[in-house]
Amino acid sequence: MTALNPLHTLWLTETVRLREEHAGPLEDLEANRLARTAGGDLATRIQQRALHLAERDGL
């Protein structure tokens, strides 16, 4: 995945959130593990999780 600017990262994070709101929770064990491993504050980990899920699902 190419590097995203901060605005695109936030949009992608919101896209994943809305997808889960409408379709239910995604299978995210691997994305959560990768986000925790990357570290950072809660907002950073949420964004990392969303990026991993988006890449996996082709968003």
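None of the figures in this text is laboratory data; all of them are computed from the coordinates on show. Because the structure is predicted, anything quoted here is derived from the model rather than measured.
A few comments on the model shown:
- Considering only alpha-carbon pairs that sit under 8 angstrom and 6 or more positions apart, the relative contact order computed for the chain is 42 percent.
- Legend: P(r) of the range 6-57 from all alpha carbon pair distances, 10 Å bins from 0, whole percents, reading 27, 60, 14.
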